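The values are calculated or read from the model by the stated rules, or taken from the named source; none is laboratory data. Please read these numbers as outputs of a predicted model, since none were measured by experiment. Every residue, glycine as well, gets a Cβ built from its backbone with ideal geometry; the counts of neighbours run over all protein chains shown.
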Amino acid sequence: MNELTEIRNYFLLSLFASHLVSDFLLQSASMASSKHKPAQLLKHLFITAATIYIITGAFNLWLLPVLFFVVHGIIDLLKLKFFKDNKLLIPFLFDQILHFITIILAALVIEHYSEQPLKDISWWANLFGNNYFFFLLLLSALILVSRFGSLFVDISVKPLLDQIEMDNSKRGFINGGKIIGMLERTLILLFVISDNFSAVGFLIAAKSIFRFGEFSNPNNRKESEYIIIGTMISFLLAIGTGLAFIYISKYVSG
């Protein structure tokens, strides 16, 4: 891997990890829903810029977090302008795709104009070398299968959930399904990374047994289909993230 490619890959990964941390780890549901208030939006943008500055470790590239502060703000304002209900899949994908395009363009620009090796650009890369690549990769994977995955699955199955008319007493613990989903995706990620696919099959079988009571009642057909679809989306996200982690880690180490 030549120096320019290393710089591009580093900023792709570090900016991606920064985005996941600021948008899904450091942004609560209340903050996300109150971005129409200037103070809340500015707070989120400051967190975004600070996260990029810290995680990239490119302390001399002070213009980078400033540019992301501006561009991220424009994207969030466009989302607020064109979508009334931000808890649907299309607004979510619109927002994330634009953020990812911004990350790709930023990494390419830095690669094109860079005149220094990576160790002279990023303090963390100089201090930890490839170990920091793997830390960012693992951090991104864990957020993808936990906070990002939870929100993505919830948004994906929301139209199905809206069709279900259930008594609140039968819905289980508050956030119980969300917590179970985060745990199962994290377990699947660890199983895939450790090349233990048989454990994934065991997890699917175990969940099916526990859910059998809900599936066996013909009156619960909508609920059953909702659970099955949500579970499949959850498993696909976790397995896909695990496989991507393995591929990228081999690419970085190679």
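Within segment 122-131, the residues that satisfy the criterion of being buried (at least 20 other Cβ atoms within 10 Å of the Cβ) and assigned to a helix (DSSP H, G or I) are Trp124, Ala125. Condition (residue is surrounded by 13 or more Cβ atoms within 10 Å (Cβ to Cβ), part of a helix (DSSP H, G or I), hydroxyl-bearing (Ser, Thr, Tyr) and out of contact with any Phe, Trp or Tyr (no Cβ under 9 Å at 6 or more places or on another chain)) applied to segment 1-21: is it met by at least one residue? The answer is no, given that none of the residues of segment 1-21 is surrounded by 13 or more Cβ atoms within 10 Å (Cβ to Cβ), part of a helix (DSSP H, G or I), hydroxyl-bearing (Ser, Thr, Tyr) and out of contact with any Phe, Trp or Tyr (no Cβ under 9 Å at 6 or more places or on another chain). The number of residues in segment 240-252 being more than 14 Å from the chain's Cα centre (by Cα) and modelled with pLDDT of 80 or more comes to 7.
Among the residues making up segment 66-121, those that are of a type in the set (Val, Ile, Thr) and either farther than 18 Å from His44 by Cα or surrounded by 14 or more Cβ atoms within 10 Å (Cβ to Cβ) (or both) are Val71, Ile75, Ile90, Ile97, Ile101, Thr102, Ile103, Ile104, Val109, Ile110, Ile121.
Residue pairs whose Cβ atoms lie under 6 Å apart, separated by 6 or more positions or on different chains, with the first residue in segment 74-88 and closer than 12 Å to His36 by Cβ and the second in a loop (DSSP other than H, G, I, E, B), are Asp76/Lys35; Leu80/His36.
Mind checking whether some residue in segment 73-83 is of a type in the set (Val, Ile, Thr), closer than 29 Å to Leu189 by Cβ, in contact with a helix residue (DSSP H, G or I) (Cβ under 9 Å, 6 or more places away or on another chain) and assigned to a helix (DSSP H, G or I)? Among the residues of segment 73-83, at least one is of a type in the set (Val, Ile, Thr), closer than 29 Å to Leu189 by Cβ, in contact with a helix residue (DSSP H, G or I) (Cβ under 9 Å, 6 or more places away or on another chain) and assigned to a helix (DSSP H, G or I), which makes the answer yes. Counting the residues of segment 77-103 that are of a type in the set (A, V, I, L, M, F, W, C) and under 14 Å from Leu64 (Cβ atoms) gives 1. Any idea how many residues of segment 29-43 are surrounded by 18 or more Cβ atoms within 10 Å (Cβ to Cβ) and in contact (Cβ under 8 Å) with a residue 40 or more places away in the chain? Looking only at that region, the number is 1.
Do we find that Leu67 is under 30 Å from Asn126 (Cβ atoms) and part of a helix (DSSP H, G or I) in this structure? Spelling it out, Leu67 is indeed under 30 Å from Asn126 (Cβ atoms) and part of a helix (DSSP H, G or I). For segment 1-24, a residue qualifies if it is closer than 18 Å to Phe69 by Cβ and of a type in the set (A, V, I, L, M), and the qualifying residues are Leu15, Ala17, Leu20, Val21. Could you say which residue among Phe191, Phe215, Phe152, Phe235 is at pLDDT 85 or above, among the aromatic types (Phe, Trp, Tyr) and surrounded by 12 or more Cβ atoms within 10 Å (Cβ to Cβ)? Of Phe191, Phe215, Phe152, Phe235, the one residue that is at pLDDT 85 or above, among the aromatic types (Phe, Trp, Tyr) and surrounded by 12 or more Cβ atoms within 10 Å (Cβ to Cβ) is Phe152. Of the residues making up segment 54-64, those that are in a helix (DSSP H, G or I) and either touching a strand residue (DSSP E or B) at 6+ places or on another chain (Cβ under 7 Å) or closer than 20 Å to Glu115 by Cα (or both) are Thr56, Leu63, Leu64.
Sub-7 Å Cβ pairs linking a first residue in segment 44-62 that is over 20 Å from Asn9 (Cβ atoms) to a second residue that is outside any helix (DSSP H, G or I), at least 6 apart or interchain, are His44/Gln27; His44/Lys35; Ile47/Leu26, ordered by first then second residue.
State whether one or more residues within segment 28-42 are in a helix (DSSP H, G or I), under 19 Å from the mean Cα position of the chain (by Cα) and at pLDDT 95 or above. No; the residues of segment 28-42 include none that is in a helix (DSSP H, G or I), under 19 Å from the mean Cα position of the chain (by Cα) and at pLDDT 95 or above.
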